[in-house]
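Before any comments, here is the structure.
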Amino acid sequence: MAETKEGSSCSGSEMSLKDQGNEFFKSGKYLKAAALYTQAIKQDPSNPTLYSNRAAALLQLDKLNKALDDAEMTIKLKPQWEKGYFRKGSILEAMKRYDDALDAFQIALQYNPQSQEVLKKIKRINQLLRDSKRAQEVENMRSNVDMAKHLETLKPEMSGKYGSEECWKDMFLFLVETMETAVKSWHETSSVDAKVHFLLDKEKTQIDKYAPVVNIDKAFESPHTHSDCFSFLRQYAAESFSKAACLVSPKSIIAYPQVWKGQGSRKWKHAQSDGFFVQFESPSVRKLWFIASSNEKGQILCRDPEGLDIGAHEVLPRLFKDKLPLS
């Protein structure tokens, strides 16, 4: 709000300009108000109230750099007046320079410890700083997807099941890349396509005949389509000489089968969560995860993958015969 009581030493005409400016400010005509304050400043360039009022008008006009200059001039002309720091803090807040804004408001509070207006601003800025920090944390988590660290405990099991280091490391990298691609897709679109990704054998697979990805978006519409899809995928895995497979499917499309297999919704703690399943299939290692998502600070964020009991929750039955592959 523009000041009306300060600067009482001005002459009548100058007060008239300021009062006219104040009237325009009150009625929301900030450009006219700023113009009148400018005229008044030309007549009385050492009056801090005029700069404070013009800063308020320029803030409303979103002319933040000019408004900040006026706030600084207010402070220079009257260093112990809380209003100059309040103006400065409000402008810095609009610039999203929250740390600097907080500093300005705290100085204002030193000069007027009883000001509820300043205390309210300090409380708001502290909340904005917390929100800003959390939003940055969320953005960092969205940008730095690292599934390998979540799957670290899988390495010893894979190593034990598959003697060849090259073999199990290929599978591990395949799983990590598939999961990370799915998470990034979810972050960008809040969705993933229902697909099965295959780790094809570079030497044996006829790559002109077998693609590394099979679309399964119709697989969960009925028991019949689910059975047909599973039979097709099992045959595809065998004939393509795939070393492993990785299913990715949004929870939302799974009407059948009920992946929690008769345990009842009470036992399924993700019943209310949006998200997607990732099921890893290989001859000797089978795993299943659910990756829940939430909305944080206006952004979609995937949670850490949570391992599920594949015996109870499998999205598809076993795709590979249970045997160690030939090295």
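The values are calculated or read from the model by the stated rules, or taken from the named source; none is laboratory data. Bear in mind that the values here come from a model prediction, so they are computed numbers and not experimental data. Counting neighbours? That spans all protein chains shown, and the Cβs are built from the backbone with ideal geometry, glycine included.
Among the residues of segment 177-230, those that are in contact with a helix residue (DSSP H, G or I) (Cβ under 6 Å, 6 or more places away or on another chain) and of a type in the set (D, E, K, R) comprise 180, 218. Inside segment 75-110, residues that are among the charged types (D, E, K, R) and either in contact with a Lys or Arg (Cβ under 6 Å, 6 or more places away or on another chain) or assigned to a loop (DSSP other than H, G, I, E, B) (or both) make up a count of 3. Just one of the listed residues (49, 4) is at pLDDT 95 or above and among the polar types (S, T, N, Q), and it is 49.
Can you confirm whether residue 198 is surrounded by 13 or more Cβ atoms within 10 Å (Cβ to Cβ) and at pLDDT below 95? For residue 198, the condition - surrounded by 13 or more Cβ atoms within 10 Å (Cβ to Cβ) and at pLDDT below 95 - is not met. Mind listing whichever residues of segment 184-195 are assigned to a helix (DSSP H, G or I) and surrounded by fewer than 21 Cβ atoms within 10 Å (Cβ to Cβ)? Across segment 184-195, the qualifying residues are 184, 185, 187, 188, 189. Among the residues making up segment 189-208, those that are without any contact (Cβ under 8 Å) to a residue 12 or more places away in the chain and within 30 Å of residue 166 (Cβ to Cβ) are 202, 203, 207, 208. Here residue 165 meets the list (1) farther than 29 Å from residue 303 by Cα; (2) of a type in the set (Asp, Glu); (3) touching a Lys or Arg at 6+ places or on another chain (Cβ under 9 Å) almost entirely, failing just condition (3).
You will find that of 94, 56, 35, the residue that is crowded, with 22+ Cβ neighbours inside 10 Å and either out of contact with any helix residue (DSSP H, G or I) (no Cβ under 9 Å at 6 or more places or on another chain) or among the small types (Gly, Ala, Ser) (or both) is 56 and no other.
What about residue 174, is it on the phi < 0 side of the Ramachandran plot, assigned by TED's automatic domain parsing to the domain that holds residue 199 and at pLDDT 95 or above? Criteria met by residue 174.
If you go through segment 300-314 and pick out every residue that is touching a Leu at 6+ places or on another chain (Cβ under 6 Å) and either surrounded by fewer than 17 Cβ atoms within 10 Å (Cβ to Cβ) or of a type in the set (Val, Ile, Thr) (or both), you end up with 1.
Among the residues that make up segment 261-277, is at least one of them more than 24 Å from the chain's Cα centre (by Cα), aliphatic (A, V, I, L, M) and modelled with pLDDT under 90? No, there is no match, as no residue in segment 261-277 is more than 24 Å from the chain's Cα centre (by Cα), aliphatic (A, V, I, L, M) and modelled with pLDDT under 90. For the condition in a helix (DSSP H, G or I) and surrounded by fewer than 20 Cβ atoms within 10 Å (Cβ to Cβ), what is the one hit in 62, 69? Answer to the selection: 69.
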